[in-house]
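Just so it is clear, none of the values below were taken in a lab; they were calculated from the coordinates. Since the structure is predicted, the reported quantities are computational estimates derived from the model, not experimental observations. Every residue, glycine as well, gets a Cβ built from its backbone with ideal geometry; the counts of neighbours run over all protein chains shown.
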Amino acid sequence: GAGVSQSPRYKVAKRGQDVALRCDPISGHVSLFWYQQALGQGPEFLTYFQNEAQLDKSGLPSDRFFAERPEGSVSTLKIQRTQQEDSAVYLCASSLYAAPNTEAFFGQGTRLTVV
Amino acid sequence: AQKITQTQPGMFVQEKEAVTLDCTYDTSDPSYGLFWYKQPSSGEMIFLIYQGSYDQQNATEGRYSLNFQKARKSANLVISASQLGDSAMYFCAMREGGTGNQFYFGTGTSLTVIP
């Protein structure tokens, strides 16, 4: 596709349920980012992939959060045993290069609501 | 210390007037990129403009320009001839050259264009 695609757009999970969020980056983009955005806040970094390598996972809030990008394209963010504080919009972004002069393109996000 | 600071939670501007959204940044990396994104109420993050740390001239993209003052570590966004469709959240972001592993975002400025 032409842009970054995320699915599902909306997810309602019962507390304690596991969820998986998918990101299809722009084809050929080396860098892939996951961000968490709470209502009225700026995006907060979760994790970064360069191709299939997860180079930075310093933003993952707990070991319940896990991300992968096994073939260097599609990525999945998994949250185990969801809690109410996990409710947020999860944004995926990709950029062509791993360089400071390269913009990131964002998907429309997955809005997760934990009830 | 915050990497990106946006001190204006909300701004109002009359249609067809110009408006400046403030952004200051903090880094010791000599190589970095500065970005502005627009986030309408629909939620997607739209890339607007980029400024590199070594760029001598201020970046411009249509009605958007970036007032880059390196010594003051500021990267203000100027929107000329405001339109109703400019009403949105605006985020300033930085990507450092050392690792390029993440974009640091500010807390955003909510811009409302008044007819």
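Under unit Cβ charges (Lys, Arg +1; Asp, Glu -1), what dipole magnitude, rounded to 20 debye, does the protein assembly as shown have relative to its Cα centre?
Details: 19 positive and 21 negative charges, 92 e Å.
The calculation lands at about 440 debye.
Once you list every other residue whose beta carbon is under 15 Å from the beta carbon of A:LYS78, what net charge do they have if Lys and Arg are +1 and Asp and Glu are -1? Please report the intermediate quantities before stating the final value.
Details: positive: A:LYS11, A:ARG22, A:LYS57, A:ARG64, A:ARG69, A:ARG81; negative: A:ASP18, A:ASP63, A:GLU68, A:ASP86.
Charge balance near A:LYS78 sits at +2.
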Point to revise | Of B:SER80, B:SER31, B:SER41, the one that fluctuates the most in a GNM where chain B has Cα springs shorter than 10 Å | key: B:SER41
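Note down the net charge around B:LEU84, summing +1 for each Lys or Arg and -1 for each Asp or Glu among other residues with Cβ under 15 Å from its Cβ.
Working: positive: B:LYS16, B:LYS38, B:ARG63; negative: B:GLU15, B:GLU17, B:ASP86.
Neighbourhood net charge equals 0.
Only bridges with both residues in chain A count here: give the DSSP antiparallel percent, nearest 5. Could you put the intermediate results ahead of the total?
On the way: 33 of 37 bridges.
Just about 90 percent of them are antiparallel.
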Review point. Each residue of the range A:60-70 in turn: what ³J(HN,Hα) in whole Hz from Karplus with 6.51, -1.76, 1.60 and θ = phi - 60°, glycine and Pro shown as x?
Key: 5, x, 7, 6, 7, 9, 9, 10, 8, 8, x
Exercise for review: List, in order, the whole-Hz ³J(HN,Hα) value for each residue of the range A:19-34 obtained from phi through the Karplus relation with A = 6.51, B = -1.76, C = 1.60 and θ = phi - 60°; use x for Gly and Pro.
Suggested key: 10, 10, 10, 10, 9, 9, x, 5, 4, x, 6, 6, 9, 9, 10, 10
Review point. Per-residue mean of other chain beta-carbon atoms within 10 angstrom of the beta-carbon, peptide A:102-110?
Key: 5
Check your understanding: Of B:LYS38/B:LYS73; A:LYS11/B:LYS70; A:LYS78/B:LYS3; A:LYS78/B:LYS70; A:LYS14/B:LYS3, which pairs sit farther than 31 Å apart, going by alpha carbon to alpha carbon?
Key -> A:LYS11/B:LYS70; A:LYS78/B:LYS70; A:LYS14/B:LYS3
